[in-house]
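The values are calculated or read from the model by the stated rules, or taken from the named source; none is laboratory data. Computed from a prediction, not measured in an experiment: that's the story for all the values here. For neighbour counting, all protein chains shown are included, and Cβ atoms are generated from backbone atoms with ideal geometry for every residue, glycine included. Calculation scope for accessible area: heavy atoms of the full protein, side chains included, ligands and nucleic acids excluded. Shrake-Rupley method; radii C 1.70, N 1.55, O 1.52, S 1.80 Å.
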Amino acid sequence: MSTYSKRLSTDLARWVDEGWVDAEAASKIRADLATRQTGGSRLPSLLGAVGTICLALALAAFVASNWPAIPRPVKLVGIAALLLGAHWLAAFAASRGRRILADLLTVFATLVFVCGMALVGQMYHLPSDWSGGALLVAFGALAAAWACASRGSLVVASIAATCWLIWIDEHPHLTLQAGGIALALLGATGLHVVRHPSFAGRWAVLFQGLAVYGWLVLATATDSSWSQDTEFVVLGLLAPVALGALLTLAGRVGVQGFLPRRREGMIGEVSAFAASASSFGVLILAGVVCLTLLLALIDEFNMSGLILPAIPWPVWAAFAIAAAAAGALLSHRAIENQAFAVVGAVALAVAVPWVFLYMPDFLVLNGAATFAAAIGLTVVGTLISSRAWSAFGNLAITVCLLLLLYETVGSLLDQSVFFLVAGTVLVIAAFVISRRLRKPRAAETGEESQ
């Protein structure tokens, strides 16, 4: 926020000097910006959240250490009193307009519920059921999140729902009950984070969505004829890259002009969630690019036995939705140049695991493909002014360069040729892009002079 504020303040001064914005409007913009929450004002919330977790853990440890000495009725009444009392204090704080304090108290009550459930299970010697416990925590935290508009409890609910999917079965099986619960929890957490937005909540829900997608892929992967290596590549590369492409492109559809121009209220929060989804998708794509290069350098994979129709249907569904989102972007005339760049960068990243899948022995080709995809993400990040795209793209470039330096591409001469070609291409690309960016400015200057 501070970087944006400084840039906006500089631009406002220039716009006032140019006569594009009057002084009164600039003052109103600065006043509105000053009233918005800044990073410094969010610091107490962060410290308070960490402190709340510490207090809940301290209480749980104290009770557990004195567990045999406390009578059973006192234990049950104490847990219930703490739970109800924390919620009552949260409601009281909310009625006085202390939203941050109310959220922290609700999170404390949620953690008391989690710890109390574990302690009650121990009290009555109930059998261990990690998946069932995680599901109960998810429902309880989700109820607290919706009832008290708690962003912190939403994060707890999302984490618990993710843990439930991981623990539900060693070998997932797609059933109507499990699939319905997973999608219902994802829908409830997704709606909450749109209704009560927070950065941590958005990313928690996105990780939850990744878990649901991974569970669906594993539950529908029924081809036993694959080799272990092929199964790893399909489930570890093709499935993630499909989801990454879907989130990246669908997120851009939500951000770039397809939502109404007025971005206030619910529409603005949907747009913010779409932007986070796009950034999360780029993170997945960058990770797949780096992992593919690492697997290519290991050179121990046998890619035999892959039959395309046997790839789980959620992977093909993700590719199909991503293709539809790409078509929607390309059809938008107002963002035509950016759309081609975004779709091109995503297409490069999607192509990387397929190149490795069918040509694993062509090490130089795999290295060039991964390097080009990482550069594409960074270039597009600069073009669309997305710090997340640029950061994840730069991270992928760094990892790729370190891997290529650590493992010789062919011989030392081949490595020298590879980096010579890569450097030459980058310099030429930089020169061409620079020339293309100067032409519109020159044209605008010529029009103004006329």
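Could you count how many residues in the range 133-170 are open to solvent by less than 80 Å² (accessible area, probe 1.4 Å) and not small (Gly, Ala, Ser)? Can you show your working first?
We begin by selecting, within the range 133-170, every residue open to solvent by less than 80 Å² (accessible area, probe 1.4 Å); these are 133-135, 137-138, 140-145, 148-150, 152-158, 160-165, 168-169.
The next check asks that each one be not small (Gly, Ala, Ser); those that pass are 135, 137, 142, 148, 154-156, 162-165, 168-169.
Result for the range 133-170: 13.
If the condition is being surrounded by 15 or more Cβ atoms within 10 Å (Cβ to Cβ) and at pLDDT 85 or above, then the range 331-346 contributes 341, 342, 343, 345, 346. Selection of helices (runs of 4 or more DSSP H) fully inside the range 313-394 by the criterion of at least 3 residues being closer than 30 Å to residue 420 by Cα returns 336-358, 363-383. Among the residues making up the range 15-27, none is within 36 Å of the chain's Cα centre (by Cα) and among the charged types (D, E, K, R).
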